[in-house]
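The values are calculated or read from the model by the stated rules, or taken from the named source; none is laboratory data. Computed from a predicted model, the values in this text were never measured in an experiment. Here the Cβ positions follow ideal geometry from the backbone for every residue, glycine too, while neighbour counts run over all protein chains shown.
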Amino acid sequence: MIAWARQHVRSGAAALRGLGRSPLALALNVIAVGIALALPLGGYLVLENVGRLAEHGGAKPQLSVYFALDAGEADIERVRAALSHSAAVTGVRFVARADALRAMQRSPEMGEIVAALKTNPLPDVLIADLVAGDPAMAEALVADLTARPKVARVQFDAEWARRLDAILRLGRVALAILAGLLAAGLVTVTFNAVRVQILTQRDEIELAKLVGATDAFVRRPFLYQGTALGALGGLLATALVLGSAALLNAEVARLARAYGSEFGLQGLPLDEWIALVAFSGILGLSGAYASVSRHLHRLAPE
Amino acid sequence: MPVINFSRVTKRYPGGYEALREVSFAIEAREMVFVTGHSGAGKTSLLKLLPAIERATSGTVLINGQNVGTMRLRAVPFLRRTLGLVFQEQRLLYDRSVFGNVMLPLLVTGQPPREAARRARAALDKVGLLEREKASPITLSGGEQQRLCVARAVVNRPSILVADEPTASLDAESAGEILEIFRAFNQVGVTVLVATHDQSLVARFASRVLRLDHGRLAP
């Protein structure tokens, strides 16, 4: 057990020395992996923030129920109760037609027009705030309300919510494809880096096999190298995305303030960064494993 | 029981070239045996069958009773650890010191570092290279390089030492030194098998000789 651990520590050290022997090649490979990972990661960050903006920004989905002019208090109460009980609704506000008219009379542009009216043409209105991100539930609610007595019209701006939802979905699929392609790129980069390492250490590998090295012994340092390359690339990607977000954030905050919002870009939680570095390490490991398996037996004098 | 036992061994390479034909012999423990023959007689082919670098086309090769020809690939490294190999092409690593070259087989077998260093120095001492341990192999003379190869071959204390043309590029004096080292190992119980085309060297030792002629063992 101790011998086994010692072998691992030794080949780990040997692997890192091997990487350190050609720092330029190492740097180029890490940069290639880092940039490849930074693209989908940056995209993910943008999508997360757009989703958050849609939820917490000014554009809360609202639903307005316009009543017929002859609607009674009982009709309105029934609708208000239905809204309050719906899971899609976070808050309900009532605007009485008389109040609405008075508000219009006070407005400088509308005042004169309103004064010319003989009767109040405005209906009673219930305005409900809805939870974001669930257009289907909102539309079911609209259908239910429209069918009720004395409800003249239910207005729900479903279009923008549906569009945003569609755009976010599209973005996520595109991102998944991009991430898949670049993950394959990462595997390729480590495959090739390990191939070059194997070729430069060809004499040593052949000799080691002739004096009784097992395949596992020969393979191990290259697996460490691949893992280290992937993980370093993951760290670089993290640094690139965090750095870019920090640079952009000042301008995003300025833009948000111009719209009266406190919105700012938000990074990802620590556990997601750790998962990313671990994942890229695993990709590096699999690239190295494929490379070693492919090239080792060609070298072996068997 | 013989340490090495060849029984009607034929080695045919892809393309049909027959390097060995129906070769049979046995080597007992603690023997020192020379394999001689003209260039292309099959000496190297014969030696490559021992560590399973090549496998026999037909016939059986036994080492310590183990059939090398049918051995699984996973078992081959452990067979090789019982053999000390001196290669015709030397295979020294020039990116490390003399000491580093002798350490490699010990790293492969996972010796504890202190024990490994002790054994490496002991092996270098036996071939007279201890004071050159920090040197690069490229700075050694031909004879010294060959002695380094011998040190690397014996550092894991093999029971069988196999050398392919160990004196090929050496002057008579250096060649004699190498063979004296082999004899010293043989005297402490190591079975030694040396391939050489140099009849004059063989003549100086009262050892058994296996003479190969066009892939056949001459009587």
Next on the checklist: Residues to consider are A:ALA103, A:ALA59, A:ALA71, A:ALA115; find the one that is surrounded by fewer than 15 Cβ atoms within 10 Å (Cβ to Cβ), more than 30 Å from A:GLY260 (Cβ to Cβ) and modelled with pLDDT under 85.
Outcome noted: A:ALA115
Checklist entry - If you go through the range A:240-283, how many residues are part of a helix (DSSP H, G or I) and without any contact (Cβ under 8 Å) to a residue 60 or more places away in the chain? => result 26
Checklist entry - Conditions: (1) among the hydroxyl-bearing types (Ser, Thr, Tyr); (2) farther than 24 Å from A:HIS8 by Cβ; (3) in a helix (DSSP H, G or I). A:THR227 meets all but one. Number of the miss? => result (2)
Item to check | Considering residues of the range A:287-302 that are modelled with pLDDT of 90 or more and crowded, with 19+ Cβ neighbours inside 10 Å only, the residue nearest to the other protein chains (Cβ to nearest Cβ) | outcome: A:VAL292
Next on the checklist: If a residue must be touching a residue at least 12 places away in the same chain (Cβ under 8 Å) and either of a type in the set (Ser, Thr, Tyr) or in contact with a Cys (Cβ under 9 Å, 6 or more places away or on another chain) (or both), how many such residues does the range A:105-130 contain?
Outcome noted: 0
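Which residue out of A:ILE205, A:ILE198 is in contact with a helix residue (DSSP H, G or I) (Cβ under 6 Å, 6 or more places away or on another chain) and within 14 Å of another protein chain (Cβ to nearest Cβ)? Working first, answer last.
Working: A:ILE198 fails: within 14 Å of another protein chain (Cβ to nearest Cβ).
Answer to the selection: A:ILE205.
Go through the range B:158-169 and count every residue that is free of Cβ contacts under 8 Å to residues at least 60 places away in the same chain and buried (at least 20 other Cβ atoms within 10 Å of the Cβ).
Keep residues of the range B:158-169 that are free of Cβ contacts under 8 Å to residues at least 60 places away in the same chain, which gives B:167, B:169.
Applying the additional criterion that residues be buried (at least 20 other Cβ atoms within 10 Å of the Cβ) yields B:167.
Matching residues across the range B:158-169 total 1.
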Item to check | Checking B:ALA168 against (1) within 24 Å of A:GLY212 (Cα to Cα); (2) at pLDDT below 95, the condition it does not meet | outcome: (1)
Item to check | Subset of the range A:208-218 [buried (at least 19 other Cβ atoms within 10 Å of the Cβ) and more than 7 Å from chain B (Cβ to nearest Cβ)] | outcome: A:LYS209, A:VAL218
Checklist entry - Among A:ASP75, A:ASP165, which is touching a residue at least 40 places away in the same chain (Cβ under 8 Å) and of a type in the set (D, E, K, R)? => result A:ASP75
Checklist entry - Does A:GLY180 fit the bill of being assigned to a helix (DSSP H, G or I), touching a residue at least 24 places away in the same chain (Cβ under 8 Å) and not assigned by TED's automatic domain parsing to the domain that holds A:ASP124? => result no
Item to check | Of residues in the range B:76-98 being surrounded by 18 or more Cβ atoms within 10 Å (Cβ to Cβ) and of a type in the set (A, V, I, L, M, F, W, C), the one farthest from the other protein chains (Cβ to nearest Cβ) | outcome: B:VAL98
Next on the checklist: Could you check the range B:134-157 and list, in sequence order, the residues that are more than 13 Å from chain A (Cβ to nearest Cβ), in a loop (DSSP other than H, G, I, E, B) and either crowded, with 17+ Cβ neighbours inside 10 Å or among the aliphatic types (A, V, I, L, M) (or both)?
Outcome noted: B:ALA135, B:LEU140
Item to check | Flag if B:LYS48 is under 23 Å from B:GLY15 (Cα atoms), more than 12 Å from chain A (Cβ to nearest Cβ), within 17 Å of the chain's Cα centre (by Cα) and charged (D, E, K, R) | outcome: no
Checklist outcome for this item: Scanning the range B:100-131 for residues that are buried (at least 19 other Cβ atoms within 10 Å of the Cβ) and more than 14 Å from chain A (Cβ to nearest Cβ) gives B:LEU124, B:VAL127, B:LEU129
Checklist entry - Here are some residues: A:ALA183, A:ALA96. Which one is out of contact with any Ser or Thr (no Cβ under 6 Å at 6 or more places or on another chain), of a type in the set (A, V, I, L, M) and under 17 Å from A:LEU63 (Cα atoms)? => result A:ALA96
